[in-house]
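The values are calculated or read from the model by the stated rules, or taken from the named source; none is laboratory data. Computed from a predicted model, the values in this text were never measured in an experiment. Cβ atoms come from the backbone with ideal geometry, glycine included; neighbour counts cover every protein chain shown. Side chains included, ligands, DNA and RNA excluded: accessible areas come from the protein's heavy atoms. Shrake-Rupley method; radii C 1.70, N 1.55, O 1.52, S 1.80 Å.
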Amino acid sequence: MKIPFSWLKEHTPIKVSVDEVVDALIRLGHEVEGVETPRQDVQGVVVGKIVEKVPHPDADRLSLLKVDIGKDEPLAIVCGASNMDVGDKVPVATVGTTLPGGMTIKKGKIRGEVSFGMCCSEAELGLAEEAEGLLILSADAPVGMEVGEWLGLEEAVFDLSITPNRGDCMSAHGLARELAADMVLPMAHAKMICLEDDASVVSPRAEIIAREDCPCYLSRRIEGVHVTASPAWMQQGLLLAGMRPVNGIVDVLNYTMLYLGQPMHAFDADKLQGDLQVRRAGPGESFVALDGRNLQLTDEDLVVADAEHAVALAGIMGSEDSAVNENTVNIVLESAYFRPASVSRSRRYHGMVSEASMRFERGVDPAMVEIALQQASKIIVDLYGGRPGAVERAGNIRQVNARRTIHCRVSDIEARLGIAIPEAVDQTLERMGFSIHRQEDSLKVSVPAFRHDVAIAEDMAEEYARIIGFDRIPERMPPLLAKGVEPVDDSVRLAVAGDAVQVITYAFIAAEEQRHFVSDDGRDLVLSNPISESMRVMRRSLWPGLLNVAKYNMNRQQAGVSLVEHGRIYELAGESRREHNMLAWLMAGEKEADQWYARGRAADFFDLKGAVDAWLAKRRLAARWIADDTLTGLQPGQAARIMAGKNHVGMIGRVARDVAEYYELDMPVYVAALDLDLLPQGRPARYVPVAEFPGVQRDLVFLFDRNVIAEKVIRCVQQAAGRLLADAYVFDVYHGQGVPEGKISMGIRFTLQDASRTLTQADSDAVSEAIVAAVEQKFGASLR
């Protein structure tokens, strides 16, 4: 945002230098990105009077001038322009002067004639993009006077970057209020100017349907305006502030906005149909904006509409077909307060940025809604004529930020800042609009309505800090309380050690992606102000984020991915919200590349199961894997719940084909997730001496029903074998020729060992018989 120095001086009598103003703005928290100095940029250019003009003897298009600049002798200047004559007063750049374009004027010869300076055009002075001849000054311009001073060029133009929380400083009035309070100067506050209404002019009524996003809406009709270009002083001011002049009406509204911070809009009244409404856009409603873009609106867009269609995207931009132009005779002015979140949502969704949206998103001063409308109305009537109707009011602006009070302790703020707060700082805050009541250590603060960003005690600490000056806060470490060493969460480190790549994805996902792995049970956390539709809900699974990462990498010629993410998921739990600390894996594509000694292979379910098993083993945990075909988003027959003790701690499986296709993944994709909050404590590590006596390994092969669960079989073997069992696992599974229909052959290998003696054949036979009996009884299996 650019603000001319003279505008600030019109609000408060600033006497200090430009550099001191810059220092004050920075100390108050307003970043100054640069300072333009139009007057200084033409220093050395003076008013000269042409006293003689003759043709150049060797060039038809050049003239030899004698120019009086108030010195003893007139300057001899060779000039290529043709629009000047004897007696004209023109800008003269003397030898040694550097012009805005970087040209330094030197004494030199042009076609054999010596020139001691240069007569300048508006373009050469940086006052216009291009010019056809010299700038001819008025006859009363004093000879020898600096041109910048005579033209009234700005001493300085501040280029500021206003932080998103300070919408009250997006104007000359707001910045001047800060500086006046800081420098203890009087402030010319904006005043209400009421025009005499013309009873024959009827302003359109406005109905606010979406009251939560528009607490107040004002409109006024002005008839019989004569739209022409705005005056030169207004155009110059707009250009200095970085805005392009459009036409008289639009320029007045923009000029008022830059002065007071309240964006407004003007409609061509003859192009409106009936009264106005502030409402949500309807299904399939479209809108052609002033910049020519055709927008498809959503039901979350706030619009201003007439009886037939939307005529403005509220707080952002008006429609092309209701715009004011040189043929406009009757206008309707709009001034309103639109909620920042509503404007921000629509601006981001449609990718539209305007001077109005930047102010509404930050929060405008509620008091300026009517003041700005009245002042703009008066300027329009004064410059372009017209008969103003009465102001139609809808809503109540007093409801915005009404009666906000903060109670806190001075000692808490001083402890936070590390510096004492003198009561004189309270007076500065009161000049900024706050009401401060300090009684011993108690502080009661009434916050002005235009300060949307001040709500809690910490905000007041920041206010005191910026007034005192952040550079005056002592640089010392705060006292640290001794406490025990926090345990290090090595979840991701262990997973990365297992050959996975850590990724971090957004906690916000699309509602459609949420449904891939979580049913619609009403427990989604939906954002009221999402960045975009693809980030509308808080995630309830880490898998959509991992799938998007996999898609991104596989589309960039990665043969395979092995990913892990440690993050939180979020859901509603009754009236409260619940978070889960999760660790999730994804494997897809190539697991092992082709080698001269073996062919490559793709990742499969058991690769991922092995990775999760290994991770659990490093935490001295063991898991059970329970097949479950009901898990949302996972392929039946290749999905399981992960159990640790009696807790369901996670899931694993192959992503369903239709879900994988949604992410443009045309290969098997495997995912797993563990809820770290539900994992039990791992078994304490203990030393086990190396066995002195040999173990005995035996194999038993059974015929089971095809639907038997291997994990249950192993548990049965463990219980039957007793204390001599060192290990048991499935070493072979077969079905086909030689195995009856509906049956499966499963081989169980177990190892027996005793730390105190060598086992005998009888010991081995006894355990084998116990295992066979238990398996036959529980599963109806038969020994092969």
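The combined condition, being surrounded by 13 or more Cβ atoms within 10 Å (Cβ to Cβ), in contact (Cβ under 8 Å) with a residue 60 or more places away in the chain and either on the phi > 0 side of the Ramachandran plot or not hydrophobic (A, V, I, L, M, F, W, C) (or both), is not fulfilled by Gly747. Out of all the residues in the range 202-223, is one or more of a type in the set (Phe, Trp, Tyr) and within 20 Å of Leu8 (Cα to Cα)? Looking for residues that are of a type in the set (Phe, Trp, Tyr) and within 20 Å of Leu8 (Cα to Cα), one finds none in the range 202-223, hence no.
Here Leu28 clears all of (1) open to solvent by 20 Å² or more (accessible area, probe 1.4 Å); (2) in contact with a Lys or Arg (Cβ under 6 Å, 6 or more places away or on another chain) except the condition numbered (1). If the condition is being β-branched (Val, Ile, Thr), under 28 Å from Trp615 (Cβ atoms) and touching a helix residue (DSSP H, G or I) at 6+ places or on another chain (Cβ under 7 Å), then the range 656-710 contributes Val669, Val671, Val708.
Among helices (runs of 4 or more DSSP H) entirely within the range 323-423, having at least 2 residues that are open to solvent by less than 20 Å² (accessible area, probe 1.4 Å) and polar (S, T, N, Q) singles out 340-350, 368-384. In the set (1) part of a helix (DSSP H, G or I); (2) open to solvent by 40 Å² or more (accessible area, probe 1.4 Å), Leu253 fails one condition alone, (2).
Restricting to the range 49-60, count the residues that are open to solvent by less than 20 Å² (accessible area, probe 1.4 Å) and either aromatic (Phe, Trp, Tyr) or closer than 10 Å to Arg111 by Cβ (or both). So the answer is 2.
The single residue among Asn553, Asn581 that is within 36 Å of the chain's Cα centre (by Cα), part of a helix (DSSP H, G or I) and either under 21 Å from Ala495 (Cβ atoms) or not polar (S, T, N, Q) (or both) turns out to be Asn553. Looking across Ala593, Ala640, Ala627, one residue alone is out of contact with any helix residue (DSSP H, G or I) (no Cβ under 7 Å at 6 or more places or on another chain), at pLDDT below 95 and crowded, with 18+ Cβ neighbours inside 10 Å. It is Ala640.
In the condition set (1) free of Cβ contacts under 8 Å to residues at least 12 places away in the same chain; (2) among the aliphatic types (A, V, I, L, M); (3) open to solvent by 50 Å² or more (accessible area, probe 1.4 Å), Val526 is compliant with all but (1). Among residues of the range 61-89 being without any contact (Cβ under 8 Å) to a residue 40 or more places away in the chain and either of a type in the set (Val, Ile, Thr) or not assigned by TED's automatic domain parsing to the domain that holds Asp140 (or both), the one that is farthest from Ile110 (Cα to Cα) is Val86. Could you look through the range 675-724, keep only residues that are surrounded by fewer than 16 Cβ atoms within 10 Å (Cβ to Cβ) and of a type in the set (Phe, Trp, Tyr), and pick out the one that is nearest to the chain's Cα centre (by Cα)? Looking at the filtered set, the residue picked out is Tyr687.
Kindly establish whether His437 is under 29 Å from the mean Cα position of the chain (by Cα), open to solvent by 20 Å² or more (accessible area, probe 1.4 Å) and either without any contact (Cβ under 8 Å) to a residue 12 or more places away in the chain or within 21 Å of Met170 (Cα to Cα) (or both). Criteria not met by His437. Taking residues in the range 363-384 that are closer than 19 Å to Ala172 by Cα and small (Gly, Ala, Ser), and partners anywhere that are open to solvent by 40 Å² or more (accessible area, probe 1.4 Å) and at pLDDT below 95, the pairs with Cβ atoms closer than 7 Å and at least 6 places apart or on different chains are Gly363/His452. Looking across the range 137-148 at every residue that is in contact with a Lys or Arg (Cβ under 7 Å, 6 or more places away or on another chain) and surrounded by 14 or more Cβ atoms within 10 Å (Cβ to Cβ), the one that is farthest from Val67 (Cα to Cα) is identified as Gly148. Screening Thr632 on (1) surrounded by 15 or more Cβ atoms within 10 Å (Cβ to Cβ); (2) farther than 18 Å from Asp666 by Cβ; (3) among the β-branched types (Val, Ile, Thr) shows it passes everything except condition (1).
I'd like the residue in the range 48-87 that is among the acidic types (Asp, Glu) and in a strand (DSSP E or B) and, out of all such residues, is modelled with the lowest pLDDT. Looking at residues that are among the acidic types (Asp, Glu) and in a strand (DSSP E or B), I get Asp60. Screening Asp197, Asp213 for residues that are assigned to a loop (DSSP other than H, G, I, E, B) and crowded, with 19+ Cβ neighbours inside 10 Å leaves exactly one candidate, Asp213. Cβ separations smaller than 9 Å between residues 6+ apart or across chains give the following pairs from the range 16-38 residues that are in a helix (DSSP H, G or I) to residues that are of a type in the set (Phe, Trp, Tyr): Val18/Phe5; Val18/Phe158; Val21/Phe5; Val21/Phe158; Val22/Phe158; Leu25/Phe158; Arg27/Phe470.
Among residues of the range 756-784 that are surrounded by 11 or more Cβ atoms within 10 Å (Cβ to Cβ), those with a beta-carbon under 6 Å from a residue that is among the small types (Gly, Ala, Ser) and not in a helix (DSSP H, G or I) at least six positions away or on a different chain give the pairs Val775/Ala781.
Considering (1) in a loop (DSSP other than H, G, I, E, B); (2) surrounded by fewer than 23 Cβ atoms within 10 Å (Cβ to Cβ), the lone condition that Gly315 does not fulfil carries the number (2). Residue check: Arg578 meets all listed conditions (1) closer than 24 Å to Glu661 by Cα; (2) touching a strand residue (DSSP E or B) at 6+ places or on another chain (Cβ under 9 Å); (3) open to solvent by 50 Å² or more (accessible area, probe 1.4 Å) but one, namely (1). The residue that is nearest to the chain's Cα centre (by Cα), among those in the range 302-312 that are more than 15 Å from Asp213 (Cβ to Cβ) and open to solvent by less than 20 Å² (accessible area, probe 1.4 Å), is Val311. The residues of the range 141-188 that are without any contact (Cβ under 8 Å) to a residue 40 or more places away in the chain and assigned to a loop (DSSP other than H, G, I, E, B) amount to a single one, Gly152.
In a loop (DSSP other than H, G, I, E, B) and in contact (Cβ under 8 Å) with a residue 24 or more places away in the chain: which single residue out of Gln277, Gln262 fits that description?
Gln262
For the range 596-624, the tally of residues that are of a type in the set (Phe, Trp, Tyr) and open to solvent by 70 Å² or more (accessible area, probe 1.4 Å) stands at 3. For Ala497, the stated conditions do not hold, so it cannot be described as surrounded by 12 or more Cβ atoms within 10 Å (Cβ to Cβ), modelled with pLDDT under 90, of a type outside the set (Val, Ile, Thr) and out of contact with any helix residue (DSSP H, G or I) (no Cβ under 9 Å at 6 or more places or on another chain). Among the residues of the range 149-185, the one identified as open to solvent by 50 Å² or more (accessible area, probe 1.4 Å), under 18 Å from Glu20 (Cβ atoms) and not aliphatic (A, V, I, L, M) is Glu155.
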